[in-house]
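Notes follow the structure.
The values are calculated or read from the model by the stated rules, or taken from the named source; none is laboratory data. Since we're looking at a predicted model, the values are computed, not measured. Ideal geometry is used to build each Cβ from the backbone, glycine not excepted, and the neighbour counts take in all protein chains shown. These accessible areas exclude ligands, DNA and RNA; they are computed on the full protein's heavy atoms, side chains included. Shrake-Rupley method; radii C 1.70, N 1.55, O 1.52, S 1.80 Å.
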Amino acid sequence: MLLRLYNPMSILSSSIFTQIPRQFYKCPLPLFTHSVQPHISTFPRHFTLSFYSNNAHTSNTEAPDDLQLHLSNSKQSPLKPGLYLVGTPIGNLEDITLRALRVLKSADVILSEDTRHSGKLLHYYNIKTPLLSYHKFNESQRAQVVLRKLQDGEIVALISDAGTPGISDPGMELAKLCADKNIPVVPIPGPSAVVTALSASGLPTNEFTFVGFLPKHSSSRRERLILSANESATQIFFIPPHKLCQFLEEAAAIFGKTRQCVMAREMTKVHEEFWRGTINEAKQAFLAHQPKGEITFLIEGKSISTEESPSESQLENELRELISEGHSLSMAVKLVASGKLMKRKAIYSLALRKFGGQVESEDD
């Protein structure tokens, strides 16, 4: 809706009205692409003239014409050469900033994780900038090609399939390379599945840890989960749908069954879902059927308690279990010490005393 403040006498004398009755019935505006209807409220000295579209439907294949007009008439200064990390929608094509669209339209080339997927976004907003594939399988080979373009003064935009480049997506190595070569790296903020899920989760937002995708190797994955389980901050994971059941089994064993969690799925899309409950309830809910779509999984942090320090036998049992799983002595100490009130040095001394003869000691 467009709102403007006018002097009533200037409106009455304006040539845009062919006839001036007490109430205005028509207000031709040739610059608008959709039909509009006027609404007028009179005041002693001024009145507000507001216009609104009576077309309730917007095309789902092309961007509105007034947006294209804004992009073409932007008074922003021309972009400087450099690498632009552009945040793109995580589902809904309307979740993109005007600045992001201007950068994509002005760039010499757009690096894209999946050119077919990104092509839909560019087509929707009528952006003709050429695409160049850039993903984890060709990231190292493309780096030098992209670097030459940047050194030649080109404007290079980098986008991922969804969200912010470099966050669990290709882009980190390229950004590091450009920073090392003193090439400008410009962030263009946009949607993020991490913040989107956290903001609506109902879990504490004052402190959180973004873990992302867990390691594929079971022992490395267990190490990461143990560290997360002992943190007081909300933990955020990216979980592929086909690995959700495995994740819940492992999380229940390490975090405990009563820890609160949230499963955010297909955010900003038609089938968006936020499921809330305990880890044990999540196991029961999702072991029966596997949800589809992108999943962001959040688990509440560990409650800070004043419980007594664990006994020596408890520590010994935890250390023995981790060492038997193949962890080094120092890593076992690190995992046991996380979240404990005891000093790590004391646990390390116990480990050396109990298991020093079984495992080669390492410097802490």
Output the residues belonging to region 325-337 that are part of a loop (DSSP other than H, G, I, E, B) and either open to solvent by 20 Å² or more (accessible area, probe 1.4 Å) or assigned by the TED database to the domain that holds residue 221 (or both). 325, 326, 328
Residues to consider are 211, 185, 194, 145; find the one that is more than 25 Å from residue 100 (Cβ to Cβ) and either among the hydrophobic types (A, V, I, L, M, F, W, C) or in contact with a helix residue (DSSP H, G or I) (Cβ under 8 Å, 6 or more places away or on another chain) (or both). 211
Mind counting the residues in region 85-123 that are open to solvent by less than 40 Å² (accessible area, probe 1.4 Å) and either outside the structural domain of residue 182 (by the TED database) or of a type in the set (A, V, I, L, M) (or both)? 14
Could you give me the residue pairs with C-beta distances under 6 Å whose first residue belongs to region 199-222 and is over 20 Å from residue 274 (Cβ atoms) and of a type in the set (Ser, Thr, Tyr), whose second residue is open to solvent by less than 90 Å² (accessible area, probe 1.4 Å) and assigned to a helix (DSSP H, G or I) wherever it lies, and which are 6+ apart or on separate chains? none
Per the filter on region 257-286, residues aliphatic (A, V, I, L, M) and either closer than 30 Å to residue 94 by Cβ or open to solvent by 90 Å² or more (accessible area, probe 1.4 Å) (or both) are 262, 263, 264, 267, 270
Checking residue 311 against (1) of a type in the set (Ser, Thr, Tyr); (2) more than 18 Å from residue 203 (Cα to Cα); (3) within 26 Å of the chain's Cα centre (by Cα), only one condition comes out false. Which one? (3)
Scan region 143-165 and report the pairs whose first residue is modelled with pLDDT of 95 or more and whose second residue is open to solvent by 40 Å² or more (accessible area, probe 1.4 Å), with Cβ atoms within less than 6 Å and a gap of 6+ or a chain change. 153/81; 154/108; 155/81; 155/108; 156/149
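Scan region 294-310 for residues that are modelled with pLDDT of 80 or more and surrounded by fewer than 14 Cβ atoms within 10 Å (Cβ to Cβ) and jot them down. Explain how you work it out, then say what you get.
Applying the first criterion (modelled with pLDDT of 80 or more) to region 294-310 yields 294-303.
Of everything in region 294-310, just one residue is modelled with pLDDT of 80 or more and surrounded by fewer than 14 Cβ atoms within 10 Å (Cβ to Cβ), namely 303.
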Answer from 269, 257 - the residue that is farther than 20 Å from residue 225 by Cα and either assigned to a loop (DSSP other than H, G, I, E, B) or touching a Ser or Thr at 6+ places or on another chain (Cβ under 9 Å) (or both): 269
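Does residue 161 count as in contact with a helix residue (DSSP H, G or I) (Cβ under 6 Å, 6 or more places away or on another chain) and in the same structural domain as residue 135 (by the TED database)? Walk me through it before giving the result.
Working: in contact with a helix residue (DSSP H, G or I) (Cβ under 6 Å, 6 or more places away or on another chain): yes; in the same structural domain as residue 135 (by the TED database): yes.
For residue 161, the condition - in contact with a helix residue (DSSP H, G or I) (Cβ under 6 Å, 6 or more places away or on another chain) and in the same structural domain as residue 135 (by the TED database) - is met.
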Hey, can you tell me all the residues within region 225-249 that are surrounded by 17 or more Cβ atoms within 10 Å (Cβ to Cβ) and assigned to a helix (DSSP H, G or I)? 225, 226, 227, 228, 229, 244, 247, 248
Taking only region 177-205 into account, find how many residues are open to solvent by 20 Å² or more (accessible area, probe 1.4 Å), in a helix (DSSP H, G or I) and not acidic (Asp, Glu). 7
